[in-house]
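Student: Quick one: this structure, given as structure tokens, is what I'll be asking you about.
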Amino acid sequence: MNDLREIAALPVRGGWSREDDFDFRHYIDVVDRKKWAILGLAGIVSLITLLVTLAITPVYQASATLLIESKSTNLVSIEEVYGFDTGARQYYETQFEILKSRPLAERVIRRLSLTENPVFAPQAVEGEEPGGLGRWLPFLGGSSTAAVEVDPVYELTTPYLKNLIIDPVKDTQLVHVRFESTDPALAEGVANAHAEAYIDSMLDARMEVTERAESWMRRRLDELRDNLQLSEERLQAFREQEQLVDVDGLQSLPAKEIDELTSRLIEVRRQVSQSKTAYMQVQQLRDAAVSVSELSSLPGVLNDSLVQTFRQATAEAEIQVAELAKRYGPRHPKMIAAESELAAANESLARHIGSVADSIRTRYEEAQQEEAAITEALDQAKGRYHVVGRKGSELRALQQEVESNRQLYDMFYNRVKETSQTDDMQPVNARIISDAIIPADPVKPNKRLFVALAFFLSLALGVVAAFLLDALDNTIKSAEDVEEKLDQSLLGMLPLVDIPEGREGVPLFVDGDQNGYAEAVRTVRTGIALSSLDEPYRTIMVTSSVANEGKTTTSINLALAFSKMERVLLVDADMRRPSVARELALPRARAGLAELVAGKARLEEAIVSMAGQNVDVIGAGVVPPNPLELLSSRRLRELLSALGERYDRVIIDCPPVLPVSDARVIATHVDSVVYVVKADATSAHKVTIGLGHLTQTRAPITGVVLNRLDVKKAEKYGDYGYGGYYESYDSQPA
């Protein structure tokens, strides 16, 4: 027992650890396990693909190359005639669509008489190969026999366009025109014909546009000719009506007259202003009844030459009177004569001053009349000027209309002549760079590509299927599954071994050729012992989820393992399918467990000792009709208690948990339950249900034994820690 305590310090499950959620090595192991199935699937699919591609009719492709220039070298401006810029990017997109258009395809079909071609004509039925279902099942076509007859050329256009490929060369002005057909000669002919038809269609389109433009320009030219003639007639009629010869000369005369009258009017108005001033001064003095001498002081009067003469004469008369007055008296004749002369001089001066004042008024009135006359003459001159100007404007408008109509007519006339002369000189912007040749090798099917794709796709599908199967596989395969899926302790793993012929009845634990298996059983024994160091388990029940998981073999070998150190009793409690005695080839006992529980036999009558081993065996006995009632009795509990006192270990081989309830009843009477799981066979769901049934009865579950483990497969699953025990032993599936 001290040795067992020392072993307790060692890990029970050496060799694996809990990994992250994504275990890359696990997926590598899955592929490695399924590699032959994956490669087989890939090989079969590749072979089928190869056979299918060999059966497919080969398709050939011929290619002609077109150069579509972005600018035209025509003598006539094509941009003006056609109304678009050939250098624009949209131009190329338009040409590519024209190359793929249905009218161009129909032109080639008619030119090559493809409706009569035995290779191409069968494709006229839309989307249907010759001999298809539509031939035998007319209703699949969706049309009745009374359908309208379709033009065969139109019907052939769809398959024609499906086989046509327009492939522009990037960053160039080159376009490949490709055509595919099962007939290489047909592919070559159609590719060349399509390129030629495109050039012909471009030339026809340009000619049509040119003719249409010329026709329109001729109609427009006739309209312009009529407009020019009508405008010239209106101009001539206006000249005759207004009697116009030289409008510019006629208009210059009123302008000159207006200038002269304007100058005169300015001068007259200045005179009116001056005479008005003089008149107003005279009138003011007269209204004030002033003397003649005061009137003579006015500038208009004072500056008069006669007034100045009369003033001088008066002054001389006054001087003479003054001199005579010094010598003569007032009555002197000389004095009287001198005074008479002075009076006559004053009277003449006054009379002349009055006359001058009246002349100032006369000049003012005459100046006003002259101003009015000149103003009227100026208004009349302006009127004549406006009339002549209006007529000149109308004349110039008519002349301009005639000139515009003449220029427009001349332009269209020259354009019509130029267009008509260059009708046959208009090249297209495209030409064939290289003609298609008859292809020597088919382009479809690409056998190597198809087979390679089939191989790699099926390989990928196989890998995905392997991952899917692995994900769907819920069986217990490894120690990690026991820990993670079952949440139980792993007592050990027993390998799957070959049993040599003739040694079927020899327990594996004592078989000298199965040292690896014996070591695995000792590991299980150690695990059980380490689980009960303080109080060893005396009664140990061995069960499983379903039958054929190896619980009986485990019970036998576990009993033999414990017998090397202890006194052991092996009890066959599977009363429904007892197999311990048969497996050990023991002689038939007079009684068994059934008789002991029923009280029909004594213990000594039921015990059989194994030859050469420290193991006693109690068989199941005669199978009763009601095993569950018998196992549920109080006598079974008392019997197991008594056997536990008599032996160091009592190993009980019980029925599986899921089919019957016997194991759940027995589990309530034992110290330990060892649960056997067949590796890579029993699903975790079944084991979980079985363990759940035992847990409901408070069964003392010690742990799980993973039985019949394929060592090589286990290594692939990642149980490298246990694989070393069994490397020298061969294994095979049961």
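The values are calculated or read from the model by the stated rules, or taken from the named source; none is laboratory data. Predicted, not measured: the structure shown is a model, and the values here were computed from it. Here the Cβ positions follow ideal geometry from the backbone for every residue, glycine too, while neighbour counts run over all protein chains shown.
Student: Do we have any residue at all in the stretch 29-52 that's at pLDDT below 55 and among the β-branched types (Val, Ile, Thr)?
Tutor: No, the stretch 29-52 contains no residue that is at pLDDT below 55 and among the β-branched types (Val, Ile, Thr).
Student: Confirm whether GLU595 is among the acidic types (Asp, Glu) and either without any contact (Cβ under 8 Å) to a residue 24 or more places away in the chain or touching a strand residue (DSSP E or B) at 6+ places or on another chain (Cβ under 7 Å) (or both).
Tutor: Values: among the acidic types (Asp, Glu): yes; either without any contact (Cβ under 8 Å) to a residue 24 or more places away in the chain or touching a strand residue (DSSP E or B) at 6+ places or on another chain (Cβ under 7 Å) (or both): no.
For GLU595, the condition - among the acidic types (Asp, Glu) and either without any contact (Cβ under 8 Å) to a residue 24 or more places away in the chain or touching a strand residue (DSSP E or B) at 6+ places or on another chain (Cβ under 7 Å) (or both) - is not met.
Student: I'm trying to understand the selection: among the residues of the stretch 513-546, which are assigned to a loop (DSSP other than H, G, I, E, B) and more than 60 Å from the chain's Cα centre (by Cα)?
Tutor: Filtering the stretch 513-546 for residues assigned to a loop (DSSP other than H, G, I, E, B) gives 513-514, 531-538, 545-546.
Passing the criteria: ASP513, GLN514, SER531, SER532, LEU533, ASP534, GLU535, PRO536, TYR537, ARG538.
Student: Being part of a helix (DSSP H, G or I), at pLDDT 80 or above, within 30 Å of GLU267 (Cα to Cα) and over 60 Å from the mean Cα position of the chain (by Cα), is that true of even one residue in the stretch 379-396? Full working, then the answer.
Tutor: Filtering the stretch 379-396 for residues part of a helix (DSSP H, G or I) gives 379-396.
Narrowing further to those that are at pLDDT 80 or above: 379.
Next, from what is left, pick out any that are within 30 Å of GLU267 (Cα to Cα): 379.
With the extra rule that they be over 60 Å from the mean Cα position of the chain (by Cα), the set shrinks to 379.
Taking every residue of the stretch 379-396 in turn, at least one turns out to be part of a helix (DSSP H, G or I), at pLDDT 80 or above, within 30 Å of GLU267 (Cα to Cα) and over 60 Å from the mean Cα position of the chain (by Cα).
Student: Hey, another quick one. Among the residues of the stretch 459-501, which ones are within 48 Å of the chain's Cα centre (by Cα) and of a type in the set (Asp, Glu)?
Tutor: ASP470, ASP473, GLU480, ASP481, GLU484
Student: Can VAL617 be described as among the β-branched types (Val, Ile, Thr) and under 24 Å from PHE562 (Cβ atoms)?
Tutor: On the way: among the β-branched types (Val, Ile, Thr): yes; under 24 Å from PHE562 (Cβ atoms): yes.
When the stated conditions are applied, VAL617 passes them.
Student: Filter the stretch 155-170 down to the residues that are of a type in the set (A, V, I, L, M), in contact (Cβ under 8 Å) with a residue 12 or more places away in the chain and in contact with a strand residue (DSSP E or B) (Cβ under 8 Å, 6 or more places away or on another chain), then identify the one that is farthest from ASP441 (Cα to Cα).
Tutor: ILE166
Student: Does at least one position in the stretch 624-633 carry a residue that is farther than 28 Å from THR697 by Cβ, surrounded by fewer than 22 Cβ atoms within 10 Å (Cβ to Cβ) and not charged (D, E, K, R)?
Tutor: Our first condition is that a residue be farther than 28 Å from THR697 by Cβ; within the stretch 624-633, this holds for none.
So far as the stretch 624-633 goes, no, none of its residues is farther than 28 Å from THR697 by Cβ, surrounded by fewer than 22 Cβ atoms within 10 Å (Cβ to Cβ) and not charged (D, E, K, R).
Student: Only residues in the stretch 196-225 that are more than 15 Å from GLN95 (Cα to Cα) and surrounded by 17 or more Cβ atoms within 10 Å (Cβ to Cβ) count as the first member; pair them with residues that are of a type in the set (A, V, I, L, M, F, W, C) and modelled with pLDDT of 80 or more, Cβ under 8 angstrom, at least 6 apart or cross-chain, and list the lot.
Tutor: Close Cβ pairs (under 8 Å, with a partner that is of a type in the set (A, V, I, L, M, F, W, C) and modelled with pLDDT of 80 or more) amount to LEU224/LEU408.
Student: Without any contact (Cβ under 8 Å) to a residue 12 or more places away in the chain, at negative phi and among the basic types (Lys, Arg): does that describe ARG602? Full working, then the answer.
Tutor: Details: without any contact (Cβ under 8 Å) to a residue 12 or more places away in the chain: yes; at negative phi: yes; among the basic types (Lys, Arg): yes.
For ARG602, the condition - without any contact (Cβ under 8 Å) to a residue 12 or more places away in the chain, at negative phi and among the basic types (Lys, Arg) - is met.
Student: Sticking with this one: Within the stretch 31-71, can you find the residues that are of a type in the set (Val, Ile, Thr) and part of a helix (DSSP H, G or I)?
Tutor: Narrowing the stretch 31-71 to residues of a type in the set (Val, Ile, Thr): 31, 38, 44-45, 48-49, 52-53, 56-57, 59, 65, 68.
Correct list: VAL31, ILE38, ILE44, VAL45, ILE48, THR49, VAL52, THR53.
Student: Any chance you could count how many residues in the stretch 664-699 are over 19 Å from GLY550 (Cα atoms) and of a type in the set (Ser, Thr, Tyr)?
Tutor: 3
Student: If VAL506 passes every condition in (1) at pLDDT below 85; (2) in contact with a strand residue (DSSP E or B) (Cβ under 6 Å, 6 or more places away or on another chain) but one, which one does it miss?
Tutor: It is condition (2) that VAL506 fails.
Student: State whether one or more residues within the stretch 171-192 are without any contact (Cβ under 8 Å) to a residue 24 or more places away in the chain, in a loop (DSSP other than H, G, I, E, B), within 34 Å of the chain's Cα centre (by Cα) and over 24 Å from PRO118 (Cβ atoms). Please lay out each step first, then the result.
Tutor: Narrowing the stretch 171-192 to residues without any contact (Cβ under 8 Å) to a residue 24 or more places away in the chain: 171-172.
Next, only the ones that are in a loop (DSSP other than H, G, I, E, B) stay: 171-172.
Within this subset, residues satisfying the condition of being within 34 Å of the chain's Cα centre (by Cα) are 171-172.
Subsequent filtering for residues that are over 24 Å from PRO118 (Cβ atoms) retains 171-172.
Yes, there is a match, as at least one residue in the stretch 171-192 is without any contact (Cβ under 8 Å) to a residue 24 or more places away in the chain, in a loop (DSSP other than H, G, I, E, B), within 34 Å of the chain's Cα centre (by Cα) and over 24 Å from PRO118 (Cβ atoms).
Student: Checking the conditions here, which among THR362, THR375 is assigned to a helix (DSSP H, G or I), over 30 Å from LEU228 (Cα atoms), at pLDDT 80 or above and among the hydroxyl-bearing types (Ser, Thr, Tyr)? Can you show your working first?
Tutor: Values: THR362 fails: at pLDDT 80 or above.
Every option except THR375 fails the conditions.
Student: Looking at this structure, is LEU114 at pLDDT 85 or above and under 17 Å from MET202 (Cβ atoms)?
Tutor: Numbers: at pLDDT 85 or above: yes; under 17 Å from MET202 (Cβ atoms): no.
No, not satisfied.
Student: May I pose another question? Kindly list the number of the only condition in (1) assigned by TED's automatic domain parsing to the domain that holds GLN61; (2) at pLDDT 85 or above that fails for GLU149.
Tutor: GLU149 satisfies every listed condition except (2).
Student: Please find, among ALA559, ALA547, the residue that is closer than 19 Å to ASN515 by Cβ and hydrophobic (A, V, I, L, M, F, W, C).
Tutor: Details: ALA547 fails: closer than 19 Å to ASN515 by Cβ.
Matching residue, one of ALA559, ALA547: ALA559.
Student: Are any residues in the stretch 678-728 surrounded by fewer than 17 Cβ atoms within 10 Å (Cβ to Cβ), over 21 Å from LYS34 (Cβ atoms) and either modelled with pLDDT under 65 or among the basic types (Lys, Arg) (or both), and if so, which ones?
Tutor: If the condition is that a residue be surrounded by fewer than 17 Cβ atoms within 10 Å (Cβ to Cβ), over 21 Å from LYS34 (Cβ atoms) and either modelled with pLDDT under 65 or among the basic types (Lys, Arg) (or both), then ARG698, GLY721, GLY724, GLU727, SER728 are the ones that fit.
Student: Can you say whether ALA681 is closer than 25 Å to GLY527 by Cβ, among the small types (Gly, Ala, Ser), in a loop (DSSP other than H, G, I, E, B) and in the same structural domain as PHE562 (by TED's automatic domain parsing), as far as the supplied structure shows? First the steps, then the outcome.
Tutor: On the way: closer than 25 Å to GLY527 by Cβ: yes; among the small types (Gly, Ala, Ser): yes; in a loop (DSSP other than H, G, I, E, B): yes; in the same structural domain as PHE562 (by TED's automatic domain parsing): yes.
Answer is yes for this residue.
Student: Further question: Which one of these is assigned to a helix (DSSP H, G or I), under 30 Å from LEU224 (Cβ atoms), in contact with a helix residue (DSSP H, G or I) (Cβ under 8 Å, 6 or more places away or on another chain) and at pLDDT 70 or above: GLN320, GLN399? Give the derivation first.
Tutor: Working: GLN320 fails: under 30 Å from LEU224 (Cβ atoms).
None of the other options fit; the residue is GLN399.
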